[in-house]
Every structure is written in structure tokens, then in C-alpha cells.
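Everything on this sheet refers to the single structure shown next.
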Amino acid sequence: MNTILHPRSEQLLRLPGPAGYPLVGALPAILREGIFEYVERCWREYGDFFQIPTGGRSRIIFTAHPDAIERILHTRVDNYYKGKGYDPIRPLLGNGLVTSTGDFWVRQRKLTQPAFHMDNLRRMVPVMARCVEDMLGEWEARRRDDAVLDLHAEIMHLTQRIVGFTLFGMDLSDREAASSRAVTDSLEIAGQRMNRGAMALPLAVPTPANLRFRRALRTLDGIVYDIIGHARKAGPEAQPTLLRLLMEARDDGTGDGMSDRQLRDEIVTQYVAGHETTALILTWTLWFLGRHPDVYAKVREEVAGLGLTGAPTIEDLDRLTYTRMVFDEVMRLRPPIWAQTRVAREDDVLLARRIPAGSFIMFSAYFCHHHPAFWDEPTAFRPERFAPERVRARHRYAHIPFSAGPRACIGKRYALYELSTALALILSRFRIELLPGQDVGIRPTATVHPDRPIYARLRRSDR
Ligand code: HEM
């Protein structure tokens with residue numbers, strides 16, 4: 001049943017939250033502090049559910065409670081759509097799978113899904129392993145020179161190479177440096193544009209940030225149109241990849257294929273969504289393992305138990321159950337995508353509060369993952385939290401690094417196999433020693449980064 005609610009309904013006005021200025025609400029404070037930091041402060045002060053004024057009558061309704069998240073992503077999923085909160089990222093991702101909505105999204109998701117089926121993942125794992133081995137070969141030379149590695153930079157190169165080969169059938173190595181910078185720049189500036197909300201200047205205004213953003217887009221477009229051109233030349237007999245699948249897809253009604261622009265949007269989306277996220281988790285995993293020798297030893301033992309002599313199989317990777325708990329804990333503490341937004345189509349009730357149609361809602365995996373009612377000592381690193389019996393006893397929406405419901409991450413299994421393959425091969429060959437005295441915090445933009453490079457030395461694994 002749908003009760004019509006006026007946007008100024010008393011129930012909504014009674015939501016706690018900070019005060020703001022008349023025309024600009026809390027935007028000056030958000031700009032000064034950054035949206036993540038601002039939300040964190042409010043979350044500590046106002047708890048699970050509050051509103052942030054953003055000027056005039058508009059407001060962000062924020063929640064980090066799993067009950068509310070379950071309602072948004074599952075119980076009343078049809079009532080919550082991706083709206084203007086995704087605008088800052090649209091110049092980068094266009095109308096690809098992350099940003100599209102409605103019937104168009106349903107169609108594109110259906111077309112894309114087979115690329116991530118088990119039979120395809122099974123074919124991809126040896127390719128992932130080959131990319132890791134190539135990196136380890138380079139690391140071997142550096143180990144002999146006692147070189148220091150910038151972990152995240154190394155891992156970003158790896159995951160880009162993996163996405164290039166597995167999804168597009170192409171070696172992107174020679175473009176790694178340029179595209180890494182373009183992806184980091186564009187996500188960072190999209191994050192800043194999110195901070196500014198309605199106050200973000202149009203991209204056409206030549207501010208230094210806008211110019212950097214446009215330059216990053218040109219670089220990425222160049223790479224992506226190259227990928228498409230390469231695949232067209234390779235012809236239909238080339239290896240089946242996500243790209244081929246999308247190129248060969250035909251509309252049921254008209255029989256038309258996707259335009260180059262739509263292909264571009266889908267490819268950029270998979271490229272960006274598919275390598276930065278996994279790179280961040282692998283980097284953070286190596287960081288936490290370096291800081292927790294007991295956990296490191298258990299992962300190392302589990303990996304050694306596989307007795308790998310070459311690339312792992314899917315069955316090998318499925319046996320890495322403790323390692324999977326470690327990834328779950330890393331993704332709890334450092335979910336790459338710290339918040340998502342939705343707009344309510346109709347009036348609804350969240351956590352016993354009435355939410356009028358048109359409300360702009362932000363919900364956060366990061367703060368949900370740190371919720372003291374669901375996690376003991378939320379900031380402590382404890383993979384044992386993910387023992388199966390403890391997971392069963394917990395709220396299903398207390399841990400949502402991949403989101404949930406129909407718009408959950410399409411690359412979840414791909415990501416987990418990639419992470420396990422990489423970690424298993426790295427730990428089989430090397431011991432990674434963090435340089436002492438590093439105090440690494442987080443730098444949340446559109447994704448949650450380390451706030452400085454993480455440096456490590458390589459030692460031969462003590463197998
Ligand atoms: C640890 C790694 C990853 C994490 C934590 C992660 C997380 C997420 C999250 C939270 C969303 C929802 C975003 C939103 O709706 O705003 C999402 C969506 C998505 N992810 Fe991932 N992701 C990961 C890896 C990947 C990989 C490897 C790929 C592709 C190869 C991928 C492709 C996508 C796509 C295309 C969507 C949009 C799905 C849709 O709306 O239908 N992700 N991911």
C-alpha cells in the first residue's frame with residue numbers, strides 16, 4: 001500500500017541530523033571536509049539514520065543499518081532506483097552496466113551475464129595465473145636487487161593486465177601507465193564532483209580538475225576504441241571473451257547490434273569496475289597480512305597445502321576457505337565502494353521512519369561494516385568473524401562489499417577467483433615484508449584507497 005506523503009512530512013523532519021545554511025545546506029562543510037569524513041562525523045553523532053541538508057528543501061538521507069539496506073536492495077528493490085547520485089560518474093562510464101537503469105539495464109545485464117558463468121571463469125583462471133607469473137618473474141629480478149616495491153602500483157598493473165586478457169582478449173601492458181593514471185584521476189575527480197553535488201561546475205568549464213578529467217577521458221576512450229578496433233579485426237573466430245559476447249549480441253526485436261558508443265560504455269565500465277576494486281583488495285590484503293603474522297602464517301599454510309606446481313584450478317581455489325575469510329575481513333574493513341545512492345520512487349518506510357517519494361538516500365557499506373551492533377571491536381582485523389557458523393548467525397546485510405540484490409556486482413566470483421589465484425601464487429614464491437614505520441590510513445574518493453604508497457621488500461618464500 002502506498003500512503004502519499006508530503007516531502008515535508010513531520011516524520012521525515014524529525015530525522016536527526018546537522019543543521020545547514022539556508023541555500024547551500026551542509027555543502028560548505030562537505031566541501032571542506034570531504035563527504036566521507038563529513039558522513040563519518042555525523043554517523044558518530046546521530047547514529048543509524050540521519051539527514052544532511054544540501055540546500056533549499058533537498059537533503060541526503062543517510063543510513064548504515066542493515067535493515068534499511070535490506071529493504072533498499074532486496075525487499076523493496078523496485079522502489080529504489082539509481083538516480084542523480086550517479087551523475088558525477090556518468091561522463092566516465094556513460095550508460096554502461098553500473099549506471100544504466102530500467103529495461104535497458106535488464107537487457108544489458110542479461111547479455112553480459114554469460115561472460116561470468118563458471119565455464120568461462122574456468123577458462124580464465126589459467127590466464128589470470130599466467131599474468132601473475134609474469135609479474136612474479138619481474139619481481140624475482142627486483143628481489144635480487146633488494147628493490148623496494150610500491151605495492152598498489154604493482155597490483156594495479158597486474159589487475160589491468162588480467163582484465164585486458166580475460167575480458168577483452170588483449171594485452172594492455174604497453175598502456176598500463178597511462179591508463180592507470182587516467183582511471184585514478186577520473187575516479188578521484190568524480191569523487192570530488194560527488195562532494196560538490198549541485199555546486200560542481202559543468203565539465204565544460206576549464207578548471208584544472210575538469211581539464212584533468214577530460215584528459216583522462218580522452219586517454220581511456222583512446223584505449224577502449226583501440227580494444228574494439230582490435231576485436232573487430234580479429235573476427236568472430238577469435239577467443240570468446242566478454243567483448244566478443246557484447247559485439248555479437250543482437251536485439252531480439254530489431255536484430256541490431258550495439259553501437260560503438262554503447263560498446264565503449266560497457267567496456268569502460270567493465271575495465272574500471274573490474275580492476276581498481278580487485279587491486280585495492282589485493283593491496284589491502286597484503287598490508288593486513290604484513291601486519292598480522294599469525295594470519296599470514298595460516299594463509300601461507302593453507303596455500304602450501306594445495307601443493308601447487310603450476311596454475312591453480314577452480315577446485316584448488318575453492319579449497320582456500322581460510323583465505324576467503326581473510327578476503328571477507330579485508331573487504332569488511334576496506335570495502336572499495338564505500339557508499340551507494342538511490343532515489344525512492346514512491347513513499348516508503350525505512351527503520352520505522354516515513355520516506356517520501358523522491359528522497360535521495362545514501363547507504364554505506366563502510367559504516368555498516370563498522371556498525372558496533374553487528375561487529376565486536378569493529379576496527380580490529382579478525383578473519384575468524386567469517387567462520388561459516390558466525391556468518392549464519394549474523395544479519396545477511398551486515399556485510400555487503402559486492403552490494404546485493406539484482407544490482408549486486410556481476411564480477412563477484414571473477415574477483416574472488418582472481419584474488420585467490422594472485423595471493424596463492426604470490427605467497428608460494430615470496431614473503432612480502434612491509435617496510436617498517438609505515439602508518440597507512442584510508443583516502444576515500446569514489447573508492448577507498450591507501451592514503452600513501454605502501455612499500456614492501458621481497459624475500460624468498462620460506463617453503
Ligand atoms: C573485490 C572486487 C569488487 C568489489 C568489492 C566490487 C563491488 C561492487 C559493488 C559494491 C557494486 C555495486 C555498485 C553500485 O551499484 O553502485 C558493483 C557493481 C558492479 N561490478 Fe563490481 N566489484 C568488484 C569487482 C568487480 C569485477 C572484477 C568486475 C568485472 C570484471 C566488476 C564489475 C561490476 C559491474 C559491471 C557492476 C554493475 C552491475 C550492475 O549494476 O548490473 N566488479 N561491484
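The table below gives the values:
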{"read-out": "Subset of segment 358-373 that is assigned to a loop (DSSP other than H, G, I, E, B) and either among the hydroxyl-bearing types (S, T, Y) or crowded, with 16+ Cβ neighbours inside 10 Å (or both) - its residue that is modelled with the lowest pLDDT", "value": "S359"}
{"read-out": "Test: residue in segment 329-340 that is out of contact with any Lys or Arg (no Cβ under 8 Å at 6 or more places or on another chain) and surrounded by fewer than 18 Cβ atoms within 10 Å (Cβ to Cβ)", "value": "no"}
{"read-out": "Selection from segment 406-463 of residues that are in a helix (DSSP H, G or I), farther than 24 Å from V98 by Cα and among the basic types (K, R)", "value": "R429"}
{"read-out": "Members of segment 35-57 that are closer than 22 Å to A446 by Cα and not aromatic (F, W, Y)", "value": "I35, E37, V39, E40, R41, C42, R44, D48, Q51, I52, P53, T54"}
{"read-out": "Filter result for R342 (away from the ligand (no atom under 16 Å from the Cβ), farther than 30 Å from V299 by Cα and not in a loop (DSSP other than H, G, I, E, B))", "value": "no"}
{"read-out": "Residue count, segment 243-270 (criterion: within 16 Å of the ligand (Cβ to nearest atom) and assigned to a helix (DSSP H, G or I))", "value": "13"}
{"read-out": "Selection from segment 97-120 of residues that are more than 10 Å from the ligand (Cβ to nearest atom) and assigned to a loop (DSSP other than H, G, I, E, B)", "value": "H117"}
{"read-out": "Number of positions in segment 214-233 that are at pLDDT below 90 and either farther than 15 Å from I267 by Cβ or basic (K, R) (or both)", "value": "2"}
{"read-out": "Search result, residues across segment 252-285 that are on the phi < 0 side of the Ramachandran plot and without any contact (Cβ under 8 Å) to a residue 12 or more places away in the chain", "value": "D252, G253, T254, D256, G257, S259"}
{"read-out": "Residue match in segment 31-52 (condition: at pLDDT below 90, among the β-branched types (V, I, T) and touching a strand residue (DSSP E or B) at 6+ places or on another chain (Cβ under 6 Å))", "value": "no"}
{"read-out": "Selected residue [within 14 Å of the ligand (Cβ to nearest atom), touching a residue at least 40 places away in the same chain (Cβ under 8 Å) and farther than 28 Å from S100 by Cα] from F327, F288", "value": "F327"}
{"read-out": "Residue pairs meeting the criteria (Cβ under 7 Å; at least 6 apart or on separate chains; first under 18 Å from Q340 (Cβ atoms), in segment 46-66; second part of a loop (DSSP other than H, G, I, E, B) and of a type in the set (S, T, N, Q))", "value": "I60/T54; I61/S359; A64/S364"}
{"read-out": "Candidate set: segment 371-420, residues that are over 20 Å from F288 (Cβ atoms) and small (G, A, S); chosen: the one nearest to the ligand (Cβ to nearest atom)", "value": "G411"}
{"read-out": "Some residue of segment 188-200 being touching a Ser or Thr at 6+ places or on another chain (Cβ under 8 Å), more than 16 Å from the ligand (Cβ to nearest atom), acidic (D, E) and in a helix (DSSP H, G or I)", "value": "yes"}
{"read-out": "Some residue of segment 345-356 being surrounded by 18 or more Cβ atoms within 10 Å (Cβ to Cβ) and within 30 Å of D134 (Cβ to Cβ)", "value": "no"}
{"read-out": "Tally, over segment 76-96, of residues that are within 14 Å of C409 (Cα to Cα) and assigned to a strand (DSSP E or B)", "value": "0"}
{"read-out": "Residues of segment 422-452 satisfying the condition of being in contact (Cβ under 8 Å) with a residue 24 or more places away in the chain and within 19 Å of the chain's Cα centre (by Cα)", "value": "A422, L423, I442, P444, T445, A446, T447, V448, H449, P450"}
{"read-out": "Residue list for segment 68-86, filter: surrounded by fewer than 17 Cβ atoms within 10 Å (Cβ to Cβ) and either in contact (Cβ under 8 Å) with a residue 40 or more places away in the chain or of a type in the set (A, V, I, L, M, F, W, C) (or both)", "value": "H74, R76, V77, D78, Y81, G83, K84"}
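The values are calculated or read from the model by the stated rules, or taken from the named source; none is laboratory data. As the structure is a prediction and not an experimental result, all values here were calculated from the model. Note that each Cβ is placed from the backbone with ideal geometry, even for glycine, and that neighbours are counted across all protein chains shown.
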